[in-house]
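Beneath this line is the structure, given in structure tokens, with notes to follow.
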Amino acid sequence: MTVDRVAGLRAALVAAPDNHAVRLMLAEELMSGGRPGEALAEYDVLHEAGQLDEHGLVAGGRAALAAGRHDRAQAFVDAATATGSVNGISELKREIDETLGLQHLVQVVKQGVGEDGAPLPPELELDSKPAVSFADVGGLDDVKKAINRTIILPFQRTDLYEKYKRGAGGGVLLFGPPGCGKTLLARATAGECGLPFSNVRIEEILDPYFGVSESNLHDAFVQARRFAPCVLFVDELDAIAFARRKFTGNVGRPLVDQLLQELDAIGADNENVLVLAATNAPWDVDEAMKRPGRFDRIVFVPPPDPPARERILALHLAGRPSEDVDVAKIARRTPLFSGADLRALVERAVDLVIDDALERGEERPLATRDLEQALDGMRPSTLEWIATARNYVEFANQGGRYDEVAAFLVSREAREWKS
Amino acid sequence: MDAAAGPLVRARHDLLRGRPDRALVALDQVTGAELEDEEFWLLRAAALHNAGDPKAAVEAAQKGLEHDPADFGLLDVLALAQLGSGRKKDARATIESALLLYPESADLHAHHALILASCAERPFRLTSYKKARAAADEAIRLEPDSDLALRVRAKIAAISGDSRAQAYTEELLARDPESESAHVLSGAVRANRGDVHAGLEHFLEAARLDPSDPHLARLGRRSRALQRWYAQPVLFLERVTRGHVRIGWVVIVLATRAAHLAVLSALAFAFWIYMWVIHIHVERRARKAPR
């Protein structure tokens, strides 16, 4: 920054105080020049004039934070959230919390077992894992926006939703190929909302003794209601809420009925309990689950797109010795690769470098050619899922349930591989 | 809420809900003493059989039988897996030895019927459909409401050309209109009786009910291709042995040519080409999912 430039911009504003573009330039110039207090004053003027877009609001929040005005920073965050913006907000929120000396943690609902084997009263514990936010999920911007609009905002703008008598909570089903970030998205959703997160897994529910599986499932909902508002995440929904039509025998059916009862909150109240679920096989989920009031919002989580793959690759390469890796090139060459596939790719490439080091005694950094070599013969693990999804789109999409999948299947990426 | 389910519980659950692939993943986590449990081998054999790997299923069932040679489930799965891997005689021997131990099992009789029906198929008719029908009837006598027994009876009637096949398949559909196997059987029976359009509709319905089954999806695509206007003139082939007609048609071409019926010969030749073109087109459409 030059003093001249700031002075010039100020002079221009004296001549034309309503020139918001110049004021924004001035604010940015002041911020980059290490004068956050003055920058904040300019951002405040712009904000009052309603001239800040979502990026401007986040920048204003950063200026406020740097100026030590946490109240203003929070105001900017709230304003940015209200616009439906996704990117950058969670990072800013985390910075605010960290600055305030708070370690932002994911809250996990846990219930222990006493010495006599009887379950102890549920307790809300803090997990040692740091909170996951949307910033930690590479790509999937459209999905994040959909979740933000349908899930997060009702919790953050309770006033607005109360005004229109629209309650928060309900059921959202995330589906897509394996390894594409559904579970991470669910955790990130809880992180964005700042809500306790309870993970229900089939292994924790199933029990060989009659009636115990249903009881376990009921307990999970009881705990979630107790700590409402909270996010109850049901992983592998198709394993719990399987299509009863396909089930051979009668033993498993009560489990589906129990989940239906819990979602319908018979004899209970699910207000402010957000039930998130994920599945690779939405077609194996009982139809009754998808009716209004249960999992009525169904969100497709596709394999990562090229920018997302770049981010994921960069994430996996971080901390490893590497040299000018052309991440964009590798991302272009890995259509339909899931996050898990990309991790495997990087690990294969690292193995090649280690083999090389053992053979030649030369510890060279990872290069683009190693990734390309590792890529030879690798196929995305999503192909089988896509083949099945194609069949469902072709034969069982009368209600338009798989329209998002159909749109994805005609995309260039999906057509690159013959599945 | 503690972690309640071990891998065996999970595997059984996945198998019952029709996900043998997930059951196999769960079974891969089994360690220690459970590996000696015959239930592990039974679940593994059943999962492998349902996942379409009958040879591995035979091996798993045989390992399980080393621990308990009289296990009902293992003998049953072994017989079906042997049938799936083409060892019809072994399958028959296995199921008949199981029936000596469990003569009152409707499921075993139904599977016996299925194996006998397979043995009765051409070209090596190892037995007659009559015996297969008798075994299916015995299964129904023991358990009149058994879905399996009723389905096997309908299947045997369909493949043997029994005039009661349509009634049997209609009964299956009345019991469960969303049974894809009932729709497949019904489609085959309708097509064989000359109602090809209705048959194709049943095949399409089966594909709609379970598109995750690649065989049903292929059947659905094939049916859809055959419903096109350009395939209508060759639909009659669906009720006869299609390959025989296409090859036999050459005889007509040659005969008309030998008889100096040039126009007729040219028409027969053109139709022969047309039949092949449609056949190749339909098979390609059936194999390949549309993009």
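Figures for the structure shown
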read-out: Length-normalised contact order for chain B - Cα pairs under 8 Å, 6+ apart - percent; value: 8
read-out: The range A:306-375, dipole about Cα centre (Lys/Arg Cβ +1, Asp/Glu Cβ -1), debye to the nearest 20; value: 420
read-out: Listed residues A:Leu342, A:Leu375, A:Leu13, most fluctuating in chain A (Gaussian network, C-alpha, under 10 Å); value: A:Leu13
read-out: Of B:Ala93, A:Ala82, A:Gly361, farthest towards positive along the dipole that unit charges on Lys, Arg, Asp, Glu beta carbons give the protein assembly as shown; value: B:Ala93
read-out: Rounded FRET efficiency, nearest 0.05, which uses the C-beta distance separating B:Asp68 from B:Tyr230 and R0 of 56 Å; value: 0.45
read-out: Student exercise, chain A dipole from Lys, Arg, Asp, Glu Cβ charges, in Debye to nearest 20; value: 1060
read-out: Lys/Arg +1, Asp/Glu -1 at C-beta; the range B:133-192 dipole; positive extreme among B:Ser179, B:Ala157, B:Ser146; value: B:Ala157
read-out: Taking B:Ser265, A:Ser411 and counting other C-beta atoms within 10 Å, the order from fewest to most; value: A:Ser411, B:Ser265
read-out: Rounded to whole Hz, the Karplus (6.51, -1.76, 1.60) HN-Hα couplings of the range A:230-240, x for glycine and proline; value: 7, 9, 9, 10, 9, 7, 6, 4, 4, 7, 9
read-out: Chain A - mean residue ellipticity at 222 nm from DSSP helices (-39,500 (n - 2.57) per run, n ≥ 4, rounded to 500); value: -15000 deg cm²/dmol
read-out: Sites A:Arg149 and B:Val25 - FRET efficiency at Förster radius 30 Å, r taken between beta-carbons, to 0.05; value: 0.25
read-out: Trypsin sites (Lys or Arg not before Pro), loop per DSSP, at most 11 other Cβ atoms within 10 Å - longest free stretch of chain A; value: A:167-417
read-out: Max mean-square fluctuation residue, GNM over chain B, Cα-Cα springs under 10 Å, options B:Ala46, B:Ala106, B:Ala167; value: B:Ala167
read-out: A:Ala82-A:Glu48 pseudo-label distance in nm [points 7 Å out on the Cα-to-Cβ vector]; value: 1.6
read-out: Crossing angle, helix B:54-67 versus chain B [Cα axis fit, 0-90 degrees, rounded to tens]; value: 20
read-out: Entries in B:Lys131/B:Lys288; A:Lys182/B:Lys63; A:Lys246/B:Lys155 that, when Cα-Cα distance is taken, lie over 29 Å; value: B:Lys131/B:Lys288; A:Lys182/B:Lys63
read-out: Cα lying deepest toward the dipole's positive end in the range B:57-210, options B:Phe72, B:Gln166, B:Val58, charges on Cβ; value: B:Gln166
read-out: Crossing angle, helix A:383-395 versus chain A [Cα axis fit, 0-90 degrees, rounded to tens]; value: 70
read-out: Translational diffusion coefficient (Stokes-Einstein; Kirkwood radius from C-alpha pairs) of the protein assembly as shown at 20 °C, 1.002 mPa s, in µm²/s; value: 71
read-out: Gyration tensor verdict on chain A (Cα atoms; rounded if a/c is under 1.5, prolate if a/b is larger than b/c, oblate otherwise); value: oblate
read-out: Gaussian network model of chain A, Cα within-10 Å springs - most flexible of A:Ala39, A:Ala277, A:Ala21; value: A:Ala21
read-out: In nm, spacing of pseudo-spin labels at A:Glu362 and B:Leu101 (7 Å Cα→C-beta vector); value: 6.5
read-out: Estimated inter-spin distance, B:Lys89 and A:Ile354, nm [label 7 Å along Cα→Cβ]; value: 5.2
read-out: Check: chain B dipole with +1 on Lys, Arg Cβ and -1 on Asp, Glu Cβ, in debye; value: 2340
read-out: At R0 = 56 Å, FRET efficiency that the Cβ-Cβ distance of A:Leu260 and B:Leu126 yields, to 0.05; value: 0.70
read-out: Rg/Rh (Cα only; Kirkwood hydrodynamic radius) as it applies to chain B; value: 1.06
read-out: In degrees, nearest ten, helix A:20-32 long axis to first principal axis of chain A (Cα); value: 90
read-out: For the range B:135-198 versus the range B:205-275, the gap between their alpha-carbon centres in whole angstrom; value: 26
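Throughout, read-outs are computed from the coordinates displayed, never taken from laboratory work. Predicted, not measured: the structure shown is a model, and the values here were computed from it. Every residue, glycine as well, gets a Cβ built from its backbone with ideal geometry; the counts of neighbours run over all protein chains shown.
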